[in-house]
Amino acid sequence: MAVIIRRLEFFLLTLWAAITLNFIIPRLMPGNPVSAMLARYHGRINPAAMKALQVAFGLHTNQNVFQQYIEYLNNIIHGQFGTSVSYFPQPVMTVVTQAMPWTLGLAAITTIIAFLLGTFIGMIVAWRRGGFVDGLATPLFVILSAVPYFWLGLMAIYLFSVHWHLLPLGFGYDEGSSITFSWSFTTQVISHAMLPALTIIITAIGGWILTMRNNMVGTLSEDYVRMARAKGLPPLRIMILYAGRNAILPNLTGFALSMGFVVSGLLLTEIVFTYPGVGYLFLQAVSNEDYPLMQALFLFVTVTVLVAVLLADVANAILDPRTRAHH
Amino acid sequence: MYPEVALQDSVPSEAQPGGRAAWLARPGRVGRFLLSNRKATLGFVILGIFIVMAIFAPMIAPYDPNATAFLPTLPPSHDHFLGTTSQGQDIFSQLIWGARQTLLIGGIAGLAATALSVLVGVTAAYLGGLVDHILSVITDIFLVIPALPLMLVIAAYAQGGGMWVLITVIAVTGWSFGARQIRPQALSLRHRDFLESARVRGENSAYIIVFEILPNMISLIVAIFLGAALYAVLAAAGLQFIGLGNADEISWGTMLYWGENNEALLSGSPLWIMAPGACIALLGASVALINYAVDELGNPALRTARRQRGRRAAG
């Protein structure tokens, strides 16, 4: 329980840090990019929204930085992220909540598949260390971990869409169809998600394999594995229940630490496939200088990652008896 | 049973008086190991080719990379090994010149991130107490905040900018992983005899950190630099690909940007995108291979050896 409370404290602290970073970064930049952006949009959006933006970015000169900060925090707590400039007059919240499910779905499915598959392959590779698979797979996945996600995505588009015409080029569903819960729409979503998911899984899996292999190499030399061998237990049982089970725990911690990397890769992959999720929206916000939307997206992505990390930590605390024994 | 253990034991122990002597004794052994390791050799060969490419770009490249002097979207031929872009530039020449900025960003941003890691990690371990606690929490926070969104936000506010904005953004987001590895090792060195003796000699903290602690962590620092450089190459490529670098400077990332914006995959010059991406992947792979070999150096158990078979036969 104490561990979980400590992780919760860290969660809140990091959340506060992310929110504060969001406040500080535009104010640290030379030449005030926000007022330049507002000048460009002057006359195109209504005066009330303009005033709200000025307040949000601290261009109201009658407030000092601390008052601005308090007001900023107050807005965030009440979920007021202002109006999107590029999707005017839609509020930022509406734009973001439309994109979130696409990203969350893709992220959850690919992360789970990559984790399970990678952990399993890593287990086998470590078990047969020095064998053919190890000699081939380990260097292969070291190399694969260095391939940019988005470039692999581009190559996948070239092969499967442009060359073989097997799968759609991009976007989340067929052009012109509307979002319904029908069978045909579901198959569209699946066929459009296939290539992005495949690229993410292929690039993410290498990391799981390598960490699992390295953990497993450690547990395989433990006395309890030797004991199990001496008792003549079936090898499969030793591999999974003795060595594998104990090697997974550090992998779970690694899961928490790698979430940031996975999400970064995911966002770039979405951009390549013009997938209607947060990554693509992020690019839109950046290239249109839609700062309110960009700030909200940064916070949403960070909060999502923090929640995932917290869940992994809690799972770790529940699964690992040692974390409980200390307190 | 484990012949490699001997190597680990013979790595100069930090308890020896005179950290510098230990440091000087190490590189030779490290070098010999890396030369005899196939993964590392492959990595060094690839990296070496790219470095030669970058240094001698004006001599290797057949044409001016910016010249729009040729017919657009030519297929590969004797005159144009990789064909031409839709603007009529020679792709092969761009690829050769692109190595320069890509390597430069990887090297400089990698070094900057490593320097930050060392600074934070060693300071936290050496000063201890409240400073250690605060620095550790900051490190953990930067570790979990996703890097790409943070980089996008900073780069967007910085309004384009060229190589130096990229380097700053990458260093600021890329130091935490290294700092987290440095701290425990610096902590373990803190109460070794040779540091105590330096303190008794009356050396100041700066001297002790630079000349006594750092030399003893050189192999870890090299490993962290390799990881940071790999991160920098990939991050720079990603940022340039989505247009957040200076698109007028030639690098593999900006080639990808222009290729994608001119729909190179659809319009018959796929090499415009394939070639720079393959180079980034190869460069990344070379660094990752060297890094993995350095890992094996520190942890002999990771090596792909044939001893497993022997043990099973015995058991």
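Residue-level check: of (1) in a helix (DSSP H, G or I); (2) within 13 Å of another protein chain (Cβ to nearest Cβ); (3) not polar (S, T, N, Q), A:I190 misses just (2).
Going by the conditions given, is B:A99 of a type in the set (A, V, I, L, M) and farther than 30 Å from B:G268 by Cα? Lay out the reasoning, then the answer.
Details: of a type in the set (A, V, I, L, M): yes; farther than 30 Å from B:G268 by Cα: no.
For B:A99, the condition - of a type in the set (A, V, I, L, M) and farther than 30 Å from B:G268 by Cα - is not met.
Residue-wise test of (1) at pLDDT 90 or above; (2) farther than 22 Å from A:I77 by Cα.
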residue: A:T269; (1), (2): no, yes
residue: A:Y275; (1), (2): no, yes
residue: A:L281; (1), (2): yes, yes
residue: A:E289; (1), (2): no, yes
residue: A:P292; (1), (2): no, no
residue: A:Q295; (1), (2): no, no
residue: A:V314; (1), (2): no, yes
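Each residue in the range B:156-166 was checked for being surrounded by fewer than 23 Cβ atoms within 10 Å (Cβ to Cβ) and more than 8 Å from chain A (Cβ to nearest Cβ), and 6 pass.
Would you pick out the residues in the range A:274-289 that are touching a residue at least 24 places away in the same chain (Cβ under 8 Å) and within 12 Å of another protein chain (Cβ to nearest Cβ)? Please lay out each step first, then the result.
Applying the first criterion (touching a residue at least 24 places away in the same chain (Cβ under 8 Å)) to the range A:274-289 yields A:274-281, A:284-285, A:288-289.
Answer for the range A:274-289, where residues must be touching a residue at least 24 places away in the same chain (Cβ under 8 Å) and within 12 Å of another protein chain (Cβ to nearest Cβ): A:T274, A:V278, A:G279, A:Y280, A:L281, A:Q284, A:A285, A:N288, A:E289.
Taken as a whole, the structure places A:G130 among residues that are within 13 Å of chain B (Cβ to nearest Cβ), within 30 Å of A:P235 (Cβ to Cβ) and assigned to a loop (DSSP other than H, G, I, E, B). Looking at the range B:267-315, which of its residues are outside any helix (DSSP H, G or I), of a type outside the set (S, T, N, Q) and at pLDDT 65 or above? Scanning the range B:267-315 gives B:G268, B:P270, B:R303. Within the span defined as the range A:137-157, every residue fails to be facing chain B (nearest Cβ under 8 Å), assigned to a helix (DSSP H, G or I) and surrounded by fewer than 18 Cβ atoms within 10 Å (Cβ to Cβ). Just name the residue that is farthest from B:E296 (Cα to Cα) out of those in the range A:223-240 that are more than 12 Å from every other protein chain (Cβ to nearest Cβ) and either surrounded by 13 or more Cβ atoms within 10 Å (Cβ to Cβ) or under 29 Å from the mean Cα position of the chain (by Cα) (or both). Checking each candidate, the answer is A:L233. Every condition in (1) under 29 Å from the mean Cα position of the chain (by Cα); (2) at pLDDT below 90 is met by B:Y257 except one, and the failing one is (2).
In the range A:102-117, the count of residues that are closer than 29 Å to B:T102 by Cβ, surrounded by 17 or more Cβ atoms within 10 Å (Cβ to Cβ) and free of Cβ contacts under 8 Å to residues at least 60 places away in the same chain is zero. Is it true that some residue in the range B:269-278 is under 16 Å from A:P148 (Cβ atoms), small (G, A, S) and buried (at least 19 other Cβ atoms within 10 Å of the Cβ)? Yes, there is a match, as at least one residue in the range B:269-278 is under 16 Å from A:P148 (Cβ atoms), small (G, A, S) and buried (at least 19 other Cβ atoms within 10 Å of the Cβ). When you check B:P27 against the structure, is it surrounded by fewer than 15 Cβ atoms within 10 Å (Cβ to Cβ), modelled with pLDDT under 75, more than 25 Å from B:P215 (Cβ to Cβ) and of a type outside the set (F, W, Y), yes or no? Judged against the criteria, B:P27 is not a match.
The values are calculated or read from the model by the stated rules, or taken from the named source; none is laboratory data. Note that the structure is predicted; figures quoted are calculated from it, not measured. Glycine also receives a Cβ, built like all others from the backbone with ideal geometry; neighbour counts cover every protein chain displayed.
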